[in-house]
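What follows is one structure encoded as C-alpha cells, with my remarks underneath.
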Amino acid sequence: MRTETGKTYKTEGIVLKRVNFGEADRIITFFTKHFGKTVCLAKGIRRTTSRKRGDLEIFNRVTFFAARGRGMDIVTETELICSYSSWRRDLKKIAAAYQICEMVDKLTAEGHEQEDVYGLLTASLLKLDLLEKSVLASFVSDFSLSLLMLLGFWPKEKPVPRDFDTNGFIEELIERELKSKRFFRNT
C-alpha cells in the first residue's frame, strides 16, 4: 500500500539496518515496496515506553507512516506485518538474513523504486524458515546472483561460471568488504 499526501506518506518496508542516534533516537534504513531504500529517523524509539520499539527491529516487515523532514524523514506510526519469529532463534539463519539485507543495502541507491528487488527480499526472508542449515550458503549465493541480475550488475543472458564468487564480485562493486559474511562464515 502506498499513500502520499503532501508531507506525509505510508508504505510497506523491511528494516535493513538501524543505527543509534542521540540519546533516544534511531536512524532506520528500510527497503520499501514503493520508494526503494529509504532512511528515516525514529524519534524516541530507544525509550522503554516507545510503542514503535518492537516493530522497528532488523528484518521486520512493517507498514509505516512517515513525515518528510528537512534532512531526513521521520517515522510517525508503525504496524508490524511480519517479524519472521520462526527463524530468529537460529543463528545460521540470522547470519544469512544479515548478509541478504547488507547486500540489498549496499547495492541499491536511496529513493529508487524497485518492486522486483522488494519481492525478492520478502520472498527470501520468508523462505529462510523452510531451509535446512546445510543449504543456507547456496541460498545466499543464489540470492546474491538474483539481486545482481535484477539490478543490472550481471547480464541475465550471460552464463555464470561454475566457481563464480558472488561475494567477491559484490565487494568489488561496493569497494569494501561485506561485514556480514564474516558472521555467516563463523556460525
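Exactly one residue out of S134, S144 is buried (at least 17 other Cβ atoms within 10 Å of the Cβ) and not β-branched (V, I, T): that is S144. Scoring E172 on the criteria (1) farther than 22 Å from K33 by Cα; (2) assigned to a loop (DSSP other than H, G, I, E, B); (3) not hydroxyl-bearing (S, T, Y) leaves a single failure, condition (2).
With respect to T29, is the statement that it is surrounded by fewer than 20 Cβ atoms within 10 Å (Cβ to Cβ) and in contact with a Ser or Thr (Cβ under 8 Å, 6 or more places away or on another chain) true? No; evaluated as a whole, the condition is false for this residue.
Taking the conditions exactly as written (at pLDDT below 95 and under 19 Å from F59 (Cα atoms)), does L136 satisfy them or not? Yes; evaluated as a whole, the condition is true for this residue. Every test in (1) more than 25 Å from G6 (Cα to Cα); (2) free of Cβ contacts under 8 Å to residues at least 40 places away in the same chain; (3) surrounded by 14 or more Cβ atoms within 10 Å (Cβ to Cβ) is passed by I74 save one, and that test is (1). When A123 is tested against (1) among the hydrophobic types (A, V, I, L, M, F, W, C); (2) exposed (fewer than 14 other Cβ atoms within 10 Å of the Cβ); (3) part of a loop (DSSP other than H, G, I, E, B), only condition (3) is not met. Per the conditions (1) crowded, with 21+ Cβ neighbours inside 10 Å; (2) among the β-branched types (V, I, T); (3) over 24 Å from G54 (Cα atoms), the sole criterion not satisfied by V104 is (3). Scanning the range 98-125 for residues that are farther than 20 Å from T11 by Cα and within 9 Å of the chain's Cα centre (by Cα) yields Y98, I100, E102, M103.
Testing K10 on (1) at pLDDT 90 or above; (2) basic (K, R); (3) buried (at least 17 other Cβ atoms within 10 Å of the Cβ); (4) more than 24 Å from E115 (Cβ to Cβ), one condition comes back false. Which one is that? Among (1) at pLDDT 90 or above; (2) basic (K, R); (3) buried (at least 17 other Cβ atoms within 10 Å of the Cβ); (4) more than 24 Å from E115 (Cβ to Cβ), K10 violates only (4). All conditions in (1) over 25 Å from G44 (Cα atoms); (2) surrounded by fewer than 17 Cβ atoms within 10 Å (Cβ to Cβ); (3) of a type in the set (G, A, S) hold for A67, with the sole exception of (1).
Of the residues making up the range 22-49, just one is more than 29 Å from E115 (Cβ to Cβ) and assigned to a strand (DSSP E or B), namely D25.
The values are calculated or read from the model by the stated rules, or taken from the named source; none is laboratory data. All of these numbers come straight from a predicted model, not from anything done at the bench. Every residue, glycine as well, gets a Cβ built from its backbone with ideal geometry; the counts of neighbours run over all protein chains shown.
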